[in-house]
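Reviewing the structure listed below.
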Amino acid sequence: MSSAFASGVRKTAEDSFASGLYCAESVLLALARAQGVEEEFLAKMASGFCGGMARTCGTCGAVTGAIMGLGLAFGRSRPGESVQPAYVATQRLIGEFVREFGARDCHVLLGCDLGTPEGQATFSEKKLTEHCIQYTGRAAEIAANILAEAHGS
(Lines give C-alpha, C1' and ligand atoms only; values in the text may rest on other atoms or scores of the structure.)
Protein backbone atom coordinates (compact mmCIF):
# COMPACT_ATOMS: atom_id res chain seq x y z
CA MET A 1 0.00 0.00 0.00
CA SER A 2 1.25 3.48 -0.80
CA SER A 3 0.18 6.95 -1.80
CA ALA A 4 -0.91 5.39 -5.12
CA PHE A 5 -3.18 3.18 -3.02
CA ALA A 6 -4.67 6.21 -1.27
CA SER A 7 -5.08 8.09 -4.56
CA GLY A 8 -6.87 5.09 -6.05
CA VAL A 9 -9.24 4.89 -3.09
CA ARG A 10 -9.90 8.61 -3.40
CA LYS A 11 -10.70 8.28 -7.11
CA THR A 12 -13.01 5.34 -6.48
CA ALA A 13 -14.91 7.34 -3.85
CA GLU A 14 -15.16 10.42 -6.07
CA ASP A 15 -16.33 8.33 -9.03
CA SER A 16 -18.98 6.65 -6.89
CA PHE A 17 -20.24 10.03 -5.72
CA ALA A 18 -20.26 11.39 -9.26
CA SER A 19 -22.26 8.34 -10.37
CA GLY A 20 -25.07 9.09 -7.92
CA LEU A 21 -24.14 7.51 -4.61
CA TYR A 22 -23.79 9.95 -1.72
CA CYS A 23 -20.83 10.79 0.50
CA ALA A 24 -20.94 8.14 3.24
CA GLU A 25 -21.93 5.40 0.80
CA SER A 26 -19.12 6.29 -1.61
CA VAL A 27 -16.37 6.51 1.01
CA LEU A 28 -17.38 3.32 2.80
CA LEU A 29 -17.60 1.33 -0.44
CA ALA A 30 -14.22 2.62 -1.68
CA LEU A 31 -12.51 1.74 1.60
CA ALA A 32 -14.24 -1.64 1.83
CA ARG A 33 -13.23 -2.57 -1.72
CA ALA A 34 -9.66 -1.51 -0.98
CA GLN A 35 -9.70 -4.00 1.89
CA GLY A 36 -11.15 -6.78 -0.26
CA VAL A 37 -14.67 -6.48 1.12
CA GLU A 38 -17.36 -6.47 -1.58
CA GLU A 39 -20.69 -6.31 0.22
CA GLU A 40 -23.73 -4.57 -1.24
CA PHE A 41 -25.27 -4.07 2.19
CA LEU A 42 -22.50 -1.65 3.19
CA ALA A 43 -23.91 1.14 1.01
CA LYS A 44 -27.32 0.50 2.54
CA MET A 45 -25.87 0.76 6.04
CA ALA A 46 -24.22 4.07 5.17
CA SER A 47 -27.22 5.76 3.53
CA GLY A 48 -28.59 7.33 6.71
CA PHE A 49 -25.21 8.94 7.41
CA CYS A 50 -25.21 10.91 4.14
CA GLY A 51 -25.91 14.63 4.08
CA GLY A 52 -24.74 15.22 7.63
CA MET A 53 -26.67 12.32 9.13
CA ALA A 54 -29.85 12.40 7.08
CA ARG A 55 -29.72 16.16 6.56
CA THR A 56 -29.79 16.97 10.29
CA CYS A 57 -26.65 19.17 10.28
CA GLY A 58 -24.53 16.41 11.77
CA THR A 59 -21.08 15.14 10.91
CA CYS A 60 -20.26 15.14 7.20
CA GLY A 61 -21.18 11.82 5.60
CA ALA A 62 -17.75 11.57 4.02
CA VAL A 63 -16.25 11.54 7.51
CA THR A 64 -18.75 9.02 8.88
CA GLY A 65 -18.23 6.79 5.84
CA ALA A 66 -14.49 6.93 6.43
CA ILE A 67 -14.99 6.06 10.10
CA MET A 68 -17.01 3.00 9.10
CA GLY A 69 -14.34 2.05 6.56
CA LEU A 70 -11.64 2.33 9.21
CA GLY A 71 -13.81 0.23 11.50
CA LEU A 72 -13.53 -2.64 9.02
CA ALA A 73 -9.80 -2.69 9.67
CA PHE A 74 -9.49 -1.51 13.26
CA GLY A 75 -12.87 -2.23 14.86
CA ARG A 76 -13.64 -4.95 17.34
CA SER A 77 -16.16 -7.74 17.11
CA ARG A 78 -16.09 -9.19 20.61
CA PRO A 79 -16.29 -7.85 24.16
CA GLY A 80 -12.92 -7.54 25.75
CA GLU A 81 -11.16 -6.58 22.52
CA SER A 82 -9.59 -3.14 22.61
CA VAL A 83 -11.35 -0.20 21.02
CA GLN A 84 -8.10 1.77 21.00
CA PRO A 85 -7.03 0.97 17.42
CA ALA A 86 -10.40 2.18 16.08
CA TYR A 87 -10.40 5.25 18.32
CA VAL A 88 -6.84 6.24 17.38
CA ALA A 89 -7.56 5.86 13.66
CA THR A 90 -10.86 7.78 13.95
CA GLN A 91 -9.32 10.60 15.98
CA ARG A 92 -6.55 10.98 13.41
CA LEU A 93 -9.04 11.00 10.53
CA ILE A 94 -11.21 13.66 12.16
CA GLY A 95 -8.19 15.76 13.15
CA GLU A 96 -6.74 15.77 9.64
CA PHE A 97 -10.11 16.47 8.02
CA VAL A 98 -10.85 19.38 10.37
CA ARG A 99 -7.34 20.82 9.93
CA GLU A 100 -7.83 20.80 6.17
CA PHE A 101 -11.43 21.97 5.91
CA GLY A 102 -11.99 23.81 9.19
CA ALA A 103 -14.98 21.76 10.30
CA ARG A 104 -16.54 18.30 10.27
CA ASP A 105 -20.24 19.13 10.34
CA CYS A 106 -22.06 19.18 7.02
CA HIS A 107 -23.90 22.47 7.47
CA VAL A 108 -20.71 24.28 8.47
CA LEU A 109 -18.74 22.85 5.56
CA LEU A 110 -21.44 23.72 3.03
CA GLY A 111 -22.80 26.89 4.60
CA CYS A 112 -26.39 25.69 4.40
CA ASP A 113 -28.83 23.36 6.13
CA LEU A 114 -29.66 20.55 3.71
CA GLY A 115 -32.73 19.73 5.79
CA THR A 116 -34.55 22.86 4.65
CA PRO A 117 -35.90 23.93 1.26
CA GLU A 118 -33.72 27.05 1.49
CA GLY A 119 -30.65 24.93 2.13
CA GLN A 120 -31.49 22.66 -0.78
CA ALA A 121 -31.86 25.73 -3.02
CA THR A 122 -28.51 27.12 -1.83
CA PHE A 123 -26.88 23.73 -2.44
CA SER A 124 -28.14 23.72 -6.02
CA GLU A 125 -27.53 27.41 -6.77
CA LYS A 126 -23.97 27.35 -5.48
CA LYS A 127 -23.26 23.96 -7.08
CA LEU A 128 -22.04 22.61 -3.75
CA THR A 129 -21.90 19.07 -5.15
CA GLU A 130 -18.34 19.94 -6.20
CA HIS A 131 -17.47 20.60 -2.55
CA CYS A 132 -19.04 17.29 -1.55
CA ILE A 133 -16.98 15.41 -4.13
CA GLN A 134 -13.87 17.04 -2.67
CA TYR A 135 -14.83 16.13 0.92
CA THR A 136 -15.71 12.59 -0.18
CA GLY A 137 -12.43 12.06 -1.98
CA ARG A 138 -10.29 13.58 0.71
CA ALA A 139 -11.94 11.68 3.58
CA ALA A 140 -11.40 8.43 1.65
CA GLU A 141 -7.79 9.38 0.95
CA ILE A 142 -7.01 10.26 4.57
CA ALA A 143 -8.50 6.96 5.73
CA ALA A 144 -6.62 5.04 3.04
CA ASN A 145 -3.37 6.64 4.19
CA ILE A 146 -4.12 5.51 7.74
CA LEU A 147 -4.74 1.98 6.46
CA ALA A 148 -1.54 2.02 4.39
CA GLU A 149 0.56 3.18 7.33
CA ALA A 150 -0.92 0.51 9.58
CA HIS A 151 0.11 -2.12 7.06
CA GLY A 152 3.64 -0.72 6.84
CA SER A 153 3.38 0.62 3.31
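The values are calculated or read from the model by the stated rules, or taken from the named source; none is laboratory data. In this text, all values refer to a predicted model and were calculated from it rather than measured experimentally. In this analysis, Cβ positions are derived from the backbone assuming ideal geometry, glycine residues included, and neighbour counts consider all displayed protein chains.
Which one of these does A103 not meet: (1) in a helix (DSSP H, G or I); (2) farther than 27 Å from E38 by Cβ; (3) small (G, A, S)?
Only one criterion in (1) in a helix (DSSP H, G or I); (2) farther than 27 Å from E38 by Cβ; (3) small (G, A, S) is unmet by A103, namely (1).
For the stretch 136-152, check the following and say yes or no: at least one residue is assigned to a loop (DSSP other than H, G, I, E, B), in contact with a helix residue (DSSP H, G or I) (Cβ under 6 Å, 6 or more places away or on another chain) and on the phi > 0 side of the Ramachandran plot.
We begin by selecting, within the stretch 136-152, every residue assigned to a loop (DSSP other than H, G, I, E, B); these are 151-152.
Narrowing further to those that are in contact with a helix residue (DSSP H, G or I) (Cβ under 6 Å, 6 or more places away or on another chain): none.
No, the stretch 136-152 contains no residue that is assigned to a loop (DSSP other than H, G, I, E, B), in contact with a helix residue (DSSP H, G or I) (Cβ under 6 Å, 6 or more places away or on another chain) and on the phi > 0 side of the Ramachandran plot.
On the basis of being in a helix (DSSP H, G or I) and buried (at least 21 other Cβ atoms within 10 Å of the Cβ), does L72 make the cut? Write out each step before concluding.
Working: in a helix (DSSP H, G or I): yes; buried (at least 21 other Cβ atoms within 10 Å of the Cβ): no.
So L72 does not fit the description; no.
Can you name the residue in the stretch 89-105 that is farther than 21 Å from H151 by Cβ and basic (K, R) and, of all such residues, is surrounded by the most Cβ atoms within 10 Å (Cβ to Cβ)?
R104
Considering only the stretch 45-69, how many residues are touching a Lys or Arg at 6+ places or on another chain (Cβ under 9 Å), buried (at least 24 other Cβ atoms within 10 Å of the Cβ) and among the β-branched types (V, I, T)?
Residues meeting the conditions: 1.
Determine whether the stretch 41-62 contains at least one residue that is free of Cβ contacts under 8 Å to residues at least 24 places away in the same chain, among the small types (G, A, S), in a helix (DSSP H, G or I) and farther than 30 Å from C112 by Cβ.
no
Just the residues that are closer than 15 Å to G137 by Cα, at pLDDT below 95 and either outside any helix (DSSP H, G or I) or not small (G, A, S) (or both), please, taken from the stretch 1-32.
Matches in the stretch 1-32: F5 only.
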